[in-house]
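Derivation of every value follows stated rules applied to the coordinates shown; laboratory data play no part. Predicted model, so just to flag it, every value in this text is computed and none were measured. Backbone-built Cβ (ideal geometry, glycine too); neighbour counts: all protein chains shown.
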Amino acid sequence: MRATVDKGLCAGCGICTDICPEVFEMDGDLAFAKVDKVPAEAEGTCRDAAQQCPAEAIMITEDGDC
Ligand code: F3S
C-alpha cells in the first residue's frame, strides 16, 4: 500500500503526522509521505490519517492497483 499527499489540497493541519509519523512528515506547512511503501505495521494508522485529514489530501493506493 502506498500513500501520497496532494500538496494542492493539504492545509497543513498536521493531523496525519500526529496519527502516523511512520509515514507522514511536515515540510514547512505541507505534509508529505516520506516512505514509498507504507510499512505493514503502519497501514492502520495510515488509513486513519487519510480518513481524518480535514482536507482529504491523502490518497491511499493499494498494491496491485494501476
Ligand atoms: Fe495536510 Fe491533511 Fe496532513 S491537511 S498536514 S495532509 S492531515
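Spin-label model, GLN52/GLU25: points 7 Å from Cα along the beta carbon direction are separated by 2.1 nm. Loop-located GluC sites (Glu not before Pro) in the range 26-66 (DSSP state other than H, G, I, E, B) with a sparse environment of at most 10 neighbouring Cβ atoms within 10 Å: GLU62. Over the chain, DSSP H runs of length four or greater, each weighted -39,500 (n - 2.57), average out per residue to a 222 nm ellipticity of -6000 deg cm²/dmol.
Hey, what angle do you get for helix 43-52 against the long axis of the chain, alpha-carbon based, 0 to 90 degrees rounded to 10? Helix 43-52 sits roughly 40 degrees off the main axis of the chain. When you restrict to C-alpha pairs under 8 Å that are six or more residues apart and normalise by the size of the chain, the relative contact order lands at 46 percent. When the Cα atoms of the chain are aligned to their principal axes, the ranges along those axes come out at 30, 23, 19 Å in descending order.
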